[in-house]
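Below is one structure, written out as structure tokens, with a few remarks after it.
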Amino acid sequence: MSKTKSADSSINIGISAAERKEISRGLSALLADSYTLYLMTHNFHWNVTGPQFNSLHLMFMAQYTEQWNALDIIAERIRALGHAAPGTYKEFVKLASIKEVDGVPKATKMVRHLVEAQEATARTARSLFPLVEKAHDQPTADLLTQRLEVHEKTAWMLRSLLET
């Protein structure tokens, strides 16, 4: 990071600048996965068809709405740590572990993609805990715990749709 004058240099919250930078980097990856998941879920909400249309359409809407609200929480934590939050498709594609889905898959395949994306987002969140715990960053740990609970529960609910 360059030595330009920024709010980052004046932050004294008990977490070192290096730790805040690494945590922000990890949260940026979580934000990228979260945004990619949001976009995928919204896309599937718009384009789902078939016998499960109504139930999936409504389920996807609840999921993308929850995801949309989480984006601000993650981005604002990055800002509170003194760093800029990524906010472009270019940055999200570079940072995300989730790959975009080409075309419009059938409903069951949509559910499979969403299970994988929910699980990937949970893995990204979980991977930050060692750094966050080492830095004694309880607010970020709380955010990660909340996100994990949502992603793991949503993945379970989606997986339930795939059982025969």
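For the range 100-146, what are the residues that are basic (Lys, Arg), touching a residue at least 40 places away in the same chain (Cβ under 8 Å) and closer than 25 Å to Glu76 by Cα? Walk me through it before giving the result.
The first filter runs over the range 100-146 and keeps only residues basic (Lys, Arg), leaving 106, 109, 112, 123, 126, 134.
Then keep just the ones that are touching a residue at least 40 places away in the same chain (Cβ under 8 Å); that gives 106, 112, 134.
Of everything in the range 100-146, just one residue is basic (Lys, Arg), touching a residue at least 40 places away in the same chain (Cβ under 8 Å) and closer than 25 Å to Glu76 by Cα, namely Lys134.
Among the residues of the range 41-53, those that are at pLDDT 95 or above and either in contact with a Pro (Cβ under 8 Å, 6 or more places away or on another chain) or farther than 18 Å from Gly87 by Cβ (or both) comprise Thr41, Asn43, Phe44, His45, Trp46, Asn47, Val48, Thr49, Phe53.
Could you please find all residues in the range 74-107 being in a helix (DSSP H, G or I) and closer than 17 Å to Leu39 by Cα? Walk me through how you get there before you give the answer.
The initial filter retains those residues of the range 74-107 that are in a helix (DSSP H, G or I), namely 74-80, 89-95, 107.
Matches in the range 74-107: Ile74, Ala75, Tyr89, Lys90, Glu91, Phe92, Val93, Lys94, Leu95, Ala107.
Of all the numbered requirements in (1) closer than 17 Å to Thr36 by Cβ; (2) not in a helix (DSSP H, G or I), His136 misses one, and that requirement is (1). Considering the conditions (1) free of Cβ contacts under 8 Å to residues at least 60 places away in the same chain; (2) surrounded by 13 or more Cβ atoms within 10 Å (Cβ to Cβ); (3) part of a helix (DSSP H, G or I); (4) out of contact with any His (no Cβ under 9 Å at 6 or more places or on another chain), Asn69 is excluded by exactly one of them, (2). So for the range 6-19 (the condition being surrounded by 16 or more Cβ atoms within 10 Å (Cβ to Cβ) and at pLDDT 95 or above), does at least one residue qualify? Yes, the conditions are met somewhere in the range 6-19.
Scanning the range 84-112 for residues that are touching an Asp or Glu at 6+ places or on another chain (Cβ under 7 Å) and not small (Gly, Ala, Ser) turns up just one, Ile98. Taken as a whole, the structure leaves Phe92 outside the set of residues that are over 29 Å from Leu58 (Cα atoms) and of a type in the set (A, V, I, L, M, F, W, C).
The values are calculated or read from the model by the stated rules, or taken from the named source; none is laboratory data. It should be emphasised that the depicted structure is a prediction, and the values quoted were computed from it without experimental measurement. Here Cβ is always computed from backbone atoms with ideal geometry, including for glycine, and neighbour counts include all displayed protein chains.
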